[in-house]
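One structure below.
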Amino acid sequence: MATNETYKKSVETAIANPKLSKALHLFGDAYLTARENAYRGLDFEAMRTELAAIKDEVRVRRKELLAEFIKNAEAAGSKVFIAKDTKEANDYVINLAKGKGAKLIAKSKSMVSEEAHFNKAMEAQGIRTSETDLGEWIIQLAGQRPSHMVMPAIHMFKEEVAELFSKESGKRISPEIKPLVDHARLRLRKEYFDADIGLTGANFLVADTGGIGLVTNEGNARLCATLPKVHVVFAGIHKLVRNMEDAIKITRLLPRNATGQLLTSYITWIRGAVPVDGEQKEQHIVLIDGGREALYESKACQNALRCIQCGACANVCPVYQTVGGHVFGSIYISAIGIILTAFYEGLDKAKEITRACIGCRACVAVCPSKIDLEEIILHLRNEVTKEYGMGVVKNVAFKAVMKNRGLFHSLVRTASKLQAPVTHKDRQDSGGRIIRHLPLHFMDRDFTEWRDLPSIASKSFRDQFDTIPQHVTDPRYRVGFFVGCGADFVYPEVGVSLIKVLNSLNVEVIFPKTQNCCGIPALYSGDTETGIDLAKQSVQAFTEADVDYILCICPTCTMAVKRDFVDRLADHPQWSAKAMALSNKTMDASAFLENILGASEKLKPMDSEKAVTYHDSCHLKRGSNVWQEPRALLAASGHQIEEMKNSDRCCGFGGTYSFLSHPQISKQITKDKVETIQTTGVKTVATDCPGCMIMLKGAVGKADKTIRCAHTIELLAEALENTK
Ligand code: SF4
Ligand code: SF4
């Protein structure tokens, strides 16, 4: 098990190698374009909904389908062995190899064989294994494990590969792609002919035929399956599909999502021990459980077995792009890797990587199997917290302080006064103040070396509300304002702006004072108990307020009320109906302005146009599907939007992630975002999330004092002033 210290070291080492992160970013950008082109004209949402349904049916009928597969495979001449774990699977092959006097196994790419540490197990018995997938062969020579499920050697550069090939062959191989590939082709071809056994994985186990399907790009799987006299298939039981129609539907998604290809170079269907060149063959199918049945039985996590192993969740993940798969994963990497590691290798092995996820939901947006990876990771984080605790700081902050609203808010008021010696005037913002340097006891975290921190507002929104005049007679709607901690204590001016904008559209704002923090910092740290307590406090406050809608200006709060309150209170009979009622009338302020009030038709443009670039907050775009609305509102109020590259890539905030658990990873993610903002040449960056504002104001402000970051609602309120 990686200890906290060794894990921290591995993060530091990865960050100290910017070459790796740069290469992963370049790949990630090219991947997004290729994927977009590959899906052009297709309905990705409909396709992935269908795939999820196919996989869910397999889960429900798995015992029946497994029996059908075995019956049909055996009828076609295959031998089928069910291994309860990877050791049993390896032992089966060892016995088979020994019985045949086999000395060499040629392998095509198989993640389950990585999971089984197959090569090591064979070599311990004197049986040589030769990887034949180029990437797998490279890492076999390097003595490493894959850092990506589809591109196992993506972390290596051609110079390193040339060095490995030169060492292995005893002659100098030039570090250019063609000579490297030529060498591998020549060198590996011999292995297929010399091998006694060929081992492949399987993308599909087709129940109604008893055959298998392989989706590959290099053709090596075909050679492994056909040239040696014995073909062993290593596959997880979750690779079952009902029939060929379902398998073909999956092949329409898999290559598009994995590499942006319309189709891979080879799709191979093999049924039974097919004679080759008139020679009889044997086919052994080893079906491995290895934790899959337990995963199927876990209500909270079972959807993970819908996975078709396309690797896309890594391609788009900002954490993976920063530290790579050797840090952010085990055998399996990134989002799906966290979940599979917990079930296949044990929760202790997944402990650190579960916390390393920043919660941006980029993986959820691209997953072709419609798995809510982030939600499952949150569940696992909760399990990790139950097992290993949360740390003293969070324990005190969540359990002793946040739950007690009175204490929490008076401590914030006190902190606002005590911070005076370390705050300075914010040059971006005429009224605001920032923390430039922290006292020495905080300095080991180096909080302020790369970003300014916002100071706590001298007067919170809740302390100002009663004094804010509202100019509405006979309001069209009465809306409850769920302020969230960021706007309440750091940026109360955004709340004031919201009142201005809503009043101008004849909407009255109600502020239930007994609302508390949405609980996400506690929930995302794995403290469900505090999360539930806080949810109840706010559900009670807004139920009593009896308003038409509930508006948030923080997308994380929106997600909390819409999703998490409902989930967390589902088993609390006196609360569940109230939580559901609140969820149904909660929305982000931009969505309300545009979709309910039709504000972009009513707003007047400013006297002179202002250029802005827009940063999509992760939870707004991917949690609430709101991204067109703020752009429509900004445009209608006279802002000219210059789109930045990857506007929906995470800014690196992640709540306590950027302060307590992973500030080094946050720093790198934020650095990328700041560079993309600077590239636009625009001096105002708009966003709809106070959390993103903390990160962007702080880091952009440090990098370039002339760039301002503001909430969309603030810009709308300013536009109102400028049209009078
Ligand atoms: S939620 Fe974001 S950080 Fe977490 S695994 Fe998914 S893509 Fe990576
Ligand atoms: S979880 Fe989804 S995105 Fe990740 S590898 Fe599996 S299918 Fe692909």
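In this structure, is Glu352 closer than 25 Å to His155 by Cβ, more than 10 Å from ligand 1 (Cβ to nearest atom) and outside any strand (DSSP E or B)?
Here the answer is yes, as Glu352 does meet what is asked.
With the condition kept exactly as written, say whether any residue in segment 663-672 is assigned to a helix (DSSP H, G or I), without any contact (Cβ under 8 Å) to a residue 40 or more places away in the chain and within 28 Å of Ala23 (Cβ to Cβ).
No, segment 663-672 contains no residue that is assigned to a helix (DSSP H, G or I), without any contact (Cβ under 8 Å) to a residue 40 or more places away in the chain and within 28 Å of Ala23 (Cβ to Cβ).
Select, from Asn95, Asn37, Asn90, Asn72, the only residue that is over 19 Å from Pro368 (Cα atoms) and loosely packed, with under 14 Cβ neighbours inside 10 Å.
Asn95
Show me the helices (runs of 4 or more DSSP H) entirely contained within segment 513-621 in which 2 or more residues are out of contact with any Phe, Trp or Tyr (no Cβ under 6 Å at 6 or more places or on another chain) and among the polar types (S, T, N, Q).
In segment 513-621, 528-545, 555-559, 573-584 are the helices (runs of 4 or more DSSP H) which contain 2 or more residues that are out of contact with any Phe, Trp or Tyr (no Cβ under 6 Å at 6 or more places or on another chain) and among the polar types (S, T, N, Q).
Hey, can you tell me all the residues within segment 224-247 that are within 27 Å of Ala106 (Cα to Cα) and not in a strand (DSSP E or B)?
Answer for segment 224-247, where residues must be within 27 Å of Ala106 (Cα to Cα) and not in a strand (DSSP E or B): Cys224, Ala225, Thr226, Leu227, Pro228, Lys229, Ile237, His238, Lys239, Ala247.
Could you tell me which residue of segment 308-319 is farthest from the chain's Cα centre (by Cα), considering only residues that are part of a loop (DSSP other than H, G, I, E, B) and closer than 11 Å to Val364 by Cα?
Ranking the qualifying residues of segment 308-319, first place goes to Val316.
Would you check which residues across segment 151-169 are at pLDDT below 95, more than 32 Å from the chain's Cα centre (by Cα) and of a type outside the set (D, E, K, R) and list them?
Once the filter is applied, which keeps residues that are at pLDDT below 95, more than 32 Å from the chain's Cα centre (by Cα) and of a type outside the set (D, E, K, R), segment 151-169 yields only Ser169.
Scan segment 692-724 residue by residue and report those that are among the basic types (Lys, Arg) and closer than 18 Å to Ile641 by Cα.
Scanning segment 692-724 gives a single hit, Arg708.
Test of understanding: among Ala304, Ala365, Ala342, which residue is within 12 Å of ligand 2 (Cβ to nearest atom), at pLDDT 95 or above, surrounded by 24 or more Cβ atoms within 10 Å (Cβ to Cβ) and part of a helix (DSSP H, G or I)?
Ala304
Please list, ordered by first then second residue, the pairs with beta carbon atoms under 6 Å, 6 or more apart or interchain, first in segment 304-317 and over 12 Å from Thr259 (Cβ atoms) and of a type in the set (S, T, N, Q), second near ligand 2 (Cβ under 6 Å from one of its atoms) and modelled with pLDDT of 95 or more.
Filtered contacts from segment 304-317: no entries.
Could you list, in sequence order, the residues of segment 403-427 that are at pLDDT below 75, surrounded by fewer than 18 Cβ atoms within 10 Å (Cβ to Cβ) and either touching a Leu at 6+ places or on another chain (Cβ under 8 Å) or part of a loop (DSSP other than H, G, I, E, B) (or both)?
Listed by number, the residues that qualify are Gln419, Val422, Arg427.
Going by the structure shown, is Val206 crowded, with 24+ Cβ neighbours inside 10 Å, under 19 Å from Glu114 (Cβ atoms) and in the same structural domain as Asp91 (by TED's automatic domain parsing)?
The answer is no for Val206.
Would you confirm, using the coordinates I've provided, whether Gly598 is surrounded by fewer than 21 Cβ atoms within 10 Å (Cβ to Cβ), more than 23 Å from the chain's Cα centre (by Cα), touching a residue at least 40 places away in the same chain (Cβ under 8 Å) and more than 22 Å from Gly495 (Cβ to Cβ)?
The answer is no for Gly598.
State yes or no: is Leu295 among the aliphatic types (A, V, I, L, M) and either within 16 Å of ligand 2 (Cβ to nearest atom) or within 18 Å of Cys363 (Cα to Cα) (or both)?
Yes, satisfied.
Among the residues of segment 320-336, how many are among the small types (Gly, Ala, Ser), crowded, with 24+ Cβ neighbours inside 10 Å and either within 15 Å of ligand 2 (Cβ to nearest atom) or under 12 Å from the mean Cα position of the chain (by Cα) (or both)?
4
Would you please name the residue that is surrounded by the fewest Cβ atoms within 10 Å (Cβ to Cβ), looking only at residues in segment 254-274 that are assigned to a loop (DSSP other than H, G, I, E, B) and of a type in the set (Ser, Thr, Tyr)?
Ser265
Condition test on Ala400, is it away from ligand 2 (no atom under 16 Å from the Cβ), in contact (Cβ under 8 Å) with a residue 24 or more places away in the chain, surrounded by fewer than 19 Cβ atoms within 10 Å (Cβ to Cβ) and not in a loop (DSSP other than H, G, I, E, B)?
no
Looking only at residues that are in contact with a Cys (Cβ under 9 Å, 6 or more places away or on another chain) and part of a helix (DSSP H, G or I) in segment 368-397, which one is nearest to ligand 2 (Cβ to nearest atom)?
Per the stated criteria, the residue is Leu373.
Would it be correct to say that Ala258 is under 13 Å from Gly198 (Cβ atoms), of a type in the set (Gly, Ala, Ser) and modelled with pLDDT of 95 or more?
Answer is no for this residue.
With respect to Leu141, determine if the residue is more than 21 Å from Gly101 (Cα to Cα) and either surrounded by 16 or more Cβ atoms within 10 Å (Cβ to Cβ) or modelled with pLDDT of 95 or more (or both).
So Leu141 fits the description; yes.
State yes or no: is Thr322 more than 14 Å from ligand 1 (Cβ to nearest atom), farther than 27 Å from Ala116 by Cβ, in contact with a Ser or Thr (Cβ under 8 Å, 6 or more places away or on another chain) and not in a loop (DSSP other than H, G, I, E, B)?
For Thr322, the condition - more than 14 Å from ligand 1 (Cβ to nearest atom), farther than 27 Å from Ala116 by Cβ, in contact with a Ser or Thr (Cβ under 8 Å, 6 or more places away or on another chain) and not in a loop (DSSP other than H, G, I, E, B) - is not met.
The values are calculated or read from the model by the stated rules, or taken from the named source; none is laboratory data. What you are looking at is a predicted structure, and each value in this text was computed from that prediction instead of being measured. Note that we place each Cβ from the backbone using ideal geometry, even for glycine, and neighbour counts take in every protein chain shown.
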